[in-house]
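Novice: Structure incoming, see below.
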Amino acid sequence: MLFPPVTVVAMVLSFVSATPVETRPAPRGGTDSSASAPSLKIAAGLWAPKKAAKPRPPRDDTEAREEELLKARPPAGGDGASRGRRRPIKMDDSAEEGDEEGAEEGDEEDEEDRPKVVKRRKRVVEEEEEEAEPIASQPAIIPRLISFGIGGAMMRRSFAYDAGNQQGDKGTRLGYALALESFPLVTQEAGWYRTLGIGIQYEKQYGDATYNEPMTGMFNGYNFSQSRLAFDARYAIPAGEWVIVMPAVGYGRVGADLERMTPTMPSMCGATSTEPCFADVVATYLSMDLHIRVAFTPTFAMSLAGGYLLGIAVGKGSDQITAEVPGGSMKGFHVDLGASALITDWLAVQATIPIRRYSIALDAPMGAAFMYRGATDMYYGLIAGVAVMTK
C-alpha cells in the first residue's frame, strides 16, 4: 500500500478540521499560522488535533453605528485644539443621582447669585427713599429749617375810651422786633408733616407819655412801654412754585404800661388832668391766621398775613383798665404786609407794615354810673431788619 490506513484517516480528519480555518480571512499584515499548526501536529504522529478556539462572531452593524455616533466629532471648520468633549450618556442610577446633584448645585449657585441682584435692587430703592423730594417753591418763599429775624420797630399807638371825657394816649415809640420761624421736619423724607412748623414773634417799644398844659405850657411826662408776644403752629401749603398758603393757630399777649409812681384809678384820669393819666392794658388771646407768600422772582417775595384775635382774659390790677369793674373781654384783628429780598442763600432783608386793633369791653354792672364801658387800642408802624436762615 502506498499509504497506511492510519495515515489515511489522519489526513481526512485534518482536511475536515482545516476547512473552516482556511476559509477565515487572514488578519491584515500577518500570516495564517493556524492553518499550518494541524499539519505539524499530524506530521508529529498525533491521532487527532486539539479543539480549535471558537471563532468570534462578526460585529453587528447596529452596534458599530451606535459607537460611531457616540464618538466625539470636531465642529465644522475647527481644528483639533478647539474640539469639545461630548458628555457621555449615562443611564444608570448613579448618573441620575449625579444629574440631580448637579442640578441642585446649579440651583444653589443660582440662588447664591440671585440675592446679590436683589440686594443691589434694595440698595437702589433705599437710596431713592433716602433722597428727600425737593419742595417745589422758589428760594424766596420756600420753608426753611430755621429762619431768625431781627430788626428795628417804630410803632404808633392810639388808645381811647368809647365814651366820657377821659384822657387817652397817642404816641410813637421806637424799639425792636424778633421773629423765629422753623420747619423742623422739612429735611425728612417726603410726607405731609414736612411743612409743619412753628412761629414766634416778640416786639417791644419804649417811649414816654407826655402832657402839655395849654394855659401854662407846662410839660409833664412818664416813661411808657408797649409789647407783644405771639407764637403759633403753622402749616405751609405750596400752591405751585410761586405761592405758599399757610394757615396758623396760636396764642398771644399784648401789653401797655404807663410807669406812674402811684397807681391811679382810670375814672380819675379826666381830660382836665395836668399829667398823663390812662389805664394800663394787659390781655391774652387766641389767634387764627392765614399767611400768603408770593414770589415775584426767585429772590424777591411779598407776604400778606391776617387773622382774627379772640380774647381769653383782660388783666386785673389797681392800674389796669378793669380796676373798677368785675372784668372784661377783648377781641380784635391784625394785618401784616411784608416784603423780603434774598441777598445770599442764607441772608435776607425784610420789612413789614403791621396793623393791629384790639377792642376791649368792660363788664360794668347794670345801672352803675360808669363814664365808659369799653376802649379801643390800635397800633400801626414799620418793622425792618434782616433774617438769617439755613440754606
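Novice: Please compute the contact order of the stretch 328-391 in relative form: average sequence separation of alpha-carbon pairs under 8 Å and at least six residues apart, divided by the residue count, as a percent.
Specialist: Working: 120 pairs, mean separation 24.2, N = 64.
Here the relative contact order equals 38 percent.
Novice: Quick one: Karplus J couplings for the stretch 227-237, per residue in order, coefficients 6.51, -1.76, 1.60, θ = phi - 60°, nearest Hz, x for Gly and Pro?
Specialist: 8, 8, 10, 8, 9, 8, 9, 10, 9, 7, 10
Novice: Now for a separate question. Does the stretch 146-389 classify as rounded, prolate or oblate by the C-alpha gyration tensor (a ≥ b ≥ c root eigenvalues; a/c under 1.5 gives rounded; else a/b over b/c gives prolate, otherwise oblate)?
Specialist: Working: a/c = 2.95, a/b = 1.91, b/c = 1.55.
Prolate is the answer for the stretch 146-389, as a/c is 1.5 or above and a/b outweighs b/c.
Novice: With +1 assigned to the C-beta of every Lys and Arg and -1 to the C-beta of every Asp and Glu, and no other charges, what is the dipole magnitude of the stretch 146-389 about the Cα centre in debye, to the nearest 20?
Specialist: On the way: 16 positive and 20 negative charges, 49 e Å.
The calculated dipole for the stretch 146-389 is roughly 240 debye.
Novice: Sort the stretch 284-352 into rounded, prolate or oblate with this rule: let a ≥ b ≥ c be the square roots of the eigenvalues of the Cα gyration tensor; rounded if a/c is under 1.5, and if a/c is not under 1.5, prolate when a/b is larger than b/c, oblate otherwise.
Specialist: Numbers: a/c = 5.02, a/b = 2.96, b/c = 1.70.
Prolate.
Novice: Taking neighbour counts of Cβ atoms within 10 Å as a proxy for exposure, in what order, fewest first, do 155, 389 appear?
Specialist: On the way: 155 23, 389 20.
Lowest count first: 389, 155.
Novice: Find the relative contact order for the stretch 146-389 and round it to a whole percent, using C-alpha pairs within less than 8 Å whose residues are 6+ positions apart. If you can, show how the numbers build up before the last one.
Specialist: Working: 690 pairs, mean separation 48.3, N = 244.
So the answer I get is 20 percent.
Novice: Going by the alpha-carbon gyration tensor, a ≥ b ≥ c the square roots of its eigenvalues, is the stretch 145-194 rounded (a/c under 1.5) or, if a/c is not under 1.5, prolate (a/b greater than b/c) versus oblate? Walk me through the numbers on the way to the answer.
Specialist: Numbers: a/c = 9.64, a/b = 2.66, b/c = 3.62.
Oblate, because a/c is 1.5 or more while a/b does not exceed b/c.
Taken together, the values in this text are just the output of simple stated rules run on the coordinates, not laboratory data. Since the model is a prediction, treat every value here as computed from it, not as a measurement. All Cβ positions, glycine included, derive from the backbone under ideal geometry; neighbour counts span all protein chains shown.
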